[in-house]
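Take a look at the structure below.
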Amino acid sequence: MLNRITITLLIVISAALLTWSCSDSSSSSVDPDPEIVGFLIEEQGVEIVRYESGSYTFNANYPEYVVDNEFMLSTSHLGGNLVRTSAEEEEIGGRRYFTPSVTIRFIMDDGAVVDLPEERTEGGTGPDINPEGFYRLNVEWTDPADIRGANIEQHGSDGSWMFHIRADYVGSAGLIFRVDRCGGERELEAVPGENHRQDQIRICSVEEETVFRASAPMPIAIDSYDLAEQGKYPHNRHERQR
């Protein structure tokens, strides 16, 4: 009789411990999908500007890019930060000036700074779609195309998260970054790529969802410089060579 009571008590205690253990583990679970809350822009690994909580913090130790809390584009200020297109590129698309490649990285709600997956394999330049690369960088401008001073160029070698900021006119511009996510893949469409290769484009099964959008534009100042044809280069190019 005593053994039966002892066994019953052991069963009850074990069940209670198991229930407590399961309850405790669920209460300490970590959010598996942290939210994007900001970003930073780097050039060769050095942070130029950080965006969090609706405001921008510029790195004063990087004065060739930062003047009066604005992202400066210039060929003259402290030696300038713009590079000119090569003679071969000028024959194709006209002369223009832009920054070296800069990288955008994202701040999550847990404080981590992460690199989102490339849309393509091989560091973003390969012909194949990355199964994890559902995120895409898009931009908006506060100024009409015919008067704003800057634009974005994103070349094939830049991958998904690097780009150049191009100087088109002397003046200013406000740049808003946005991250969209393809809501599931319906199919891959083959399209002609660079150097006669075949690329693939992910066709979304539902409309892309905006998972992050800056609530304030990043201020950009375009300084005076000698630009052929006074900077009149086509504005309708967020140039992405997939």
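The values are calculated or read from the model by the stated rules, or taken from the named source; none is laboratory data. Every value quoted in this text rests on a predicted model; they were computed, and no experiment measured them. As a convention, Cβ positions derive from the backbone with ideal geometry for all residues, glycine included, and neighbour counts pool all protein chains shown.
Numerical summary
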{"item": "Among (1) touching a Phe, Trp or Tyr at 6+ places or on another chain (Cβ under 9 Å); (2) modelled with pLDDT of 95 or more - the single one Arg95 does not satisfy", "result": "(2)"}
{"item": "Strands (runs of 3 or more DSSP E) completely within region 98-198 that count 1 or more residues being in contact with a His (Cβ under 9 Å, 6 or more places away or on another chain) and either at pLDDT 90 or above or buried (at least 17 other Cβ atoms within 10 Å of the Cβ) (or both)", "result": "102-108, 135-141, 150-154, 162-167"}
{"item": "Complete set of residues in region 100-118 that are of a type in the set (A, V, I, L, M, F, W, C) and more than 14 Å from Gln154 (Cβ to Cβ)", "result": "Phe106, Ile107, Met108, Ala112, Val113, Val114, Leu116"}
